Structures are given as structure tokens and as C-alpha cells.
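Following: one structure in C-alpha cells, then a few remarks.
All of the numbers you see were taken from the coordinates with simple rules; none came from a lab. Predicted, not measured: the structure shown is a model, and the values here were computed from it. With ideal geometry, Cβ positions are generated from the backbone for all residues, glycine too; neighbour counts draw on all protein chains shown.
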There are 2 protein chains.
Amino acid sequence: MLTTIGLDADDTLWQNEAFFRLTQDHFVRLLADHADPDHLAERLEAAERRNLGHYGFGVKGFTLSMIETAIEVTEGRVPAAVIGELISAGRDMLEHPIQLLPHVRATVTALAAEYRMVVITKGDLLDQERKLAQSGLGDLFNAVEIVSDKTAASYRTIFSRHGTGADQAMMVGNSLKSDVIPALQAGAWGVHVPQDLTWALEVADAPQDHSRFHVLTSLEGLPDLVSDLATRRNS
Amino acid sequence: MLTTIGLDADDTLWQNEAFFRLTQDHFVRLLADHADPDHLAERLEAAERRNLGHYGFGVKGFTLSMIETAIEVTEGRVPAAVIGELISAGRDMLEHPIQLLPHVRATVTALAAEYRMVVITKGDLLDQERKLAQSGLGDLFNAVEIVSDKTAASYRTIFSRHGTGADQAMMVGNSLKSDVIPALQAGAWGVHVPQDLTWALEVADAPQDHSRFHVLTSLEGLPDLVSDLATRRNS
């Protein structure tokens, strides 16, 4: 029996990775005059990976990684004005308007009538709260959980706190690594809704032959999938 | 009837502001060679205040505010090596060992035997989780809530979720502004345990003549205060 549906936020409810890519392109353009333009994006990604244990996920840590990489690739010659531009670029990300992905509002509205709905997201607290407030979806959710990482343990805790346990819950999101695999490990259903852009640190292989693993091309198909599961159980 | 005790973390369970002050002093020394040394600390504080709505609370936002101020006070002439030092200083803050304040472990252990205990703290998610893990106090608490701001509304939500409502809860902490005043507004008891150092943005006037407001010189007195409240009610 399914009672609770968890939804990822970034790139599941609204666009996010596209803003990171735009800022990363801006970073590369800004630094191209001051350092070897090859591999700038790779150096930035390496810094993000290296700093994840210090900064966690989110825009503030990304901004600090951009600044650190700018110093590193210029061997300390980057002008302060360029650092100032990177700070502004990070701040722009914290202010970008929220664009819901297609079918999000209708899908969440339909499911909220029958299920407990929980947003489960990583990132900076204030930034994620701001985006949820601007999305206008807040009232459709029973709870919002902003976590430092998405693990089987965190899904078990969240689905016990806000639902009836992970085995009666479903997690839906664009990241196999964060949304699907640990949710399946916790005993929940895991539904992957891929987006065009995936951050390198979120790439993972799809689970093989898992009865609770599903893939949807868009959130539009989620209510039908949920009904199918209910029908299959009762038939 | 009191069922639930909320405890602030930074400068209530462990030292925190002292590390910010040390880093701020380091900032002033680093910049003194490159800018007018007067008012450097004030300029940094102004940046923190201005950026609070963008970055929220925590070390990552503080680091970004130091970098922004360094660029500003040098009119863009700060060497990248100094910015690199500021990034390192921020990272050191994210790694400093946890030093429990006096009487914390004994007090929390005693109260945890009778009350639901909740840590309620602001700051960066990952950093606060790291500090709680290193404190060794994690198992004494029933729940941990890391919030973007402490308001009457957030206390009401938290004390309903983890207790029996704000009117049967107490909030204990070093900040009148964040720990005491909004908790009293929510209907809870508010207990102020002042520390030597208080961040300028947390300064507030003490409530006047509020029956649920108490001041303790140390956490050591908390179990007695709690017993007194129980006795007074039953007598």
C-alpha cells in the first residue's frame, strides 16, 4: 500500500541544473583571458567534488569553489574584479525566478488529494525555502525536508516521520544516485524522471531488475503509474 | 506542564562565536596591509547584515561576505593570495574541533531522562550536523531541527512536530533575539543563558515582566529551574 510520495525539488519540480550550467559557462568566459582556457570546466568540477565534504550541496559552496578554482588556475593572478563577478554570478543564482517544469502543478495537485506529499531536497536551507515559496506549490505539500545528503537512512527517517514508513512510500526525482537508488535501498518505490541536464556528481547506473523501480519521461505520467500500482495490488 | 525542551546549539552547547571572532581578527590583519585598517570589522559586519537575506546564517555565507568586503575595502586591489587565505580561514572554521561548554553533557543527560529533547539551530546544514556528530550528544536528543531562521512560527511547528505544542515546551539558548523572544511569542518558556560573546546581529533587549522568561548564568542550573517549574505547578 502506498501512502506517501516524496518529490525531489531541483530539476524535478523546477529548473536548476540549467542555471548552474549558465554560471559555469560564465566562469569559463571570465577566466579564459587569465588562464589556459582548456579544462576550466573540469577544474571547477574537481573543486566541487573535493569540497563537497566541506561545503555540502548548494549555491554558496559552488560560488566558493568557483573562487577557489579561479585562484588556482591563474596561479594567484586572477584580478579581484573577476572574483567580484563570480560572487555576483553566485548571487544571481540565489535570485533566479522559479520556472516550474511541465505538468508539475497538475501532477502535484492531483496526487495531493490522495497521498501525503513531501518535498525532499538537498542544497542550502534558505535557498531551497525561497524556491519552494516562489513556486507557489508549498500548500500542496504536507512537509518539506531539506537534507545534507540523500541516503537510505535519511529516506527511512523522513518516511517514518511524515508517512507510514519507507515501504509504503515512493520517491520521485531526476537523480538516480540521490532520488532513486537510496530510496529503493530503504524499501520504497523509486521513480526516475530524467532531465536533459544532469550534474556530473549525480550520475549513476540504473538499477537492474528491481520490482519497485520505474522510469517516467515526464511527471505527467505519475498519477497513472500510482493508480496502476494500486490496481495491481488490489487485483 | 512541560514535556519538551529545545536547546540552541552554537554558544549554548558548544563554543562558536569565539571562532568567528578569531577569523574576523585574522581578516582584519590580512587586510590591514591593503586597505585603511580602520573600520574593517565594521565593514565586514555591514556585509554580513546586507547578505543575510541572500546567504542565510553560517560559515559559507560568512566566508563569501569576507571575500566581498576584501574586494570592496581595497577597491578591487586585494591580491588573489589574500582571497585564498580567506577561503582557507572559512574552511578552518568548518573543521574546528567541538568544545562543549561547561556542564552541557551532565545537564542534557539529566534532562533527557524525563523530557523530549530537541536541538534547534540555525546555520549551514552540513556544518551543524558535523558539529552535533562530533559533540557526542546526538543520542541524547530526540530530534534535530536546523532552520533558516528562528521565529515564533518555526518554534510552533517544531514543538508540535516533536512535542506536545509550544505551550508545553521550553527553549534554552544564548540569544535573546533568536532563542528567547520568538519562543516566548510562540507561548513556550524562554530561558536565556548568556555567553561572553554575542554576535552583533543577535543582540536584543530582554523581555520585561514575562512570567515564562528566565535567565541562567550557566546550563548547570537548568535541571533545578525545570524542577522548580514542575513543583510550583503542583503545589
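A few points about this structure:
- Across region A:53-124 the C-alpha pair distances fall into 10 Å bins from zero in the proportions 16, 31, 25, 16, 9, 2 percent.
- Percent RCO, i.e. relative contact order, over region B:17-93, from Cα pairs under 8 Å lying at least 6 residues apart: 37
- Which of B:Lys60, B:Lys131 has the fewest Cβ neighbours within 10 Å, and the rest in rising order: B:Lys131, B:Lys60
- Interchain or long-range residues, amide H under 5 Å from A:Trp14's placed H: A:Leu101
- Net charge dipole size for chain B [Lys, Arg +1 and Asp, Glu -1 on Cβ; Debye, nearest 20]: 780
- Dividing the radius of gyration of the alpha carbons in chain A by their Kirkwood radius gives 1.02 for Rg/Rh.
- Partner shielding of B:152-158 amounts to 0, given as the average count of beta-carbon atoms from other chains within 10 Å of each residue beta-carbon.
- Label zone at B:Thr164 (point 7 Å along Cα-to-Cβ), backbone N below 18 Å, region B:85-123: B:111-118
- Distances between placed amide hydrogens fall under 5 Å for A:Val172 paired with A:Gly6, A:Leu7, A:Asp8, A:Val191, all partners being 5 or more residues away or on another chain.
- Highest to lowest packing among A:190-197, B:19-26, scored as the average C-beta count within 10 Å: A:190-197, B:19-26
- Cα-derived Rg over Rh, computed across region A:17-93 with Rh taken as Kirkwood radius: 0.92
- Likely footprinting exposure, B:Phe27, A:Phe213, fewest C-beta neighbours within 10 Å first: A:Phe213, B:Phe27
- Cα shape, the protein assembly as shown, gyration tensor, a/c 1.5 rule: oblate
- In the assembly of identical copies, B:Gln99 has its label point, taken 7 Å from Cα in the direction of the beta carbon, separated from the corresponding points by 5.0 nm (ascending, one decimal).
- Dipole orientation for the protein assembly as shown: of the candidates B:Ser148, B:Ile83, A:Phe141, A:Phe141 has the Cα lying most toward the positive pole (charges on Cβ; Lys, Arg +1; Asp, Glu -1).
- Net lengthening on full extension, A:Asp209/A:Asp92 (0.36 nm per residue, minus Cα-Cα): 37.9 nm
- Burial ordering of A:Asp179, A:Asp139, fewest other beta-carbon atoms within 10 Å first: A:Asp139, A:Asp179
- Region B:18-116, dipole about Cα centre (Lys/Arg Cβ +1, Asp/Glu Cβ -1), debye to the nearest 20: 460
- The rotation axis taking chain A to chain B passes closest to the C-beta of one chain A residue; that residue and the distance in whole Å read A:Lys60, 2.
- Total charge dipole magnitude, the protein assembly as shown, about the Cα centre, Cβ charges on Lys, Arg, Asp, Glu only, Debye to nearest 20: 1460
- Across the identical copies, the 7 Å label point of A:Ala110, projected outward along Cα→Cβ, sits 5.9 nm from its counterparts, in ascending order.
- Average other protein chain Cβ within 10 Å of Cβ, residues A:87-99: 2
- Counting Cβ atoms of other protein chains within 10 Å of each Cβ in B:65-77 and taking the mean gives 3.
- Available extension along the chain between A:Ala133 and A:Ala113 is 5.2 nm, counting 0.36 nm per residue and deducting the alpha carbon span.
- Region B:41-116 versus region A:129-195: alpha-carbon centroid distance in Å: 30
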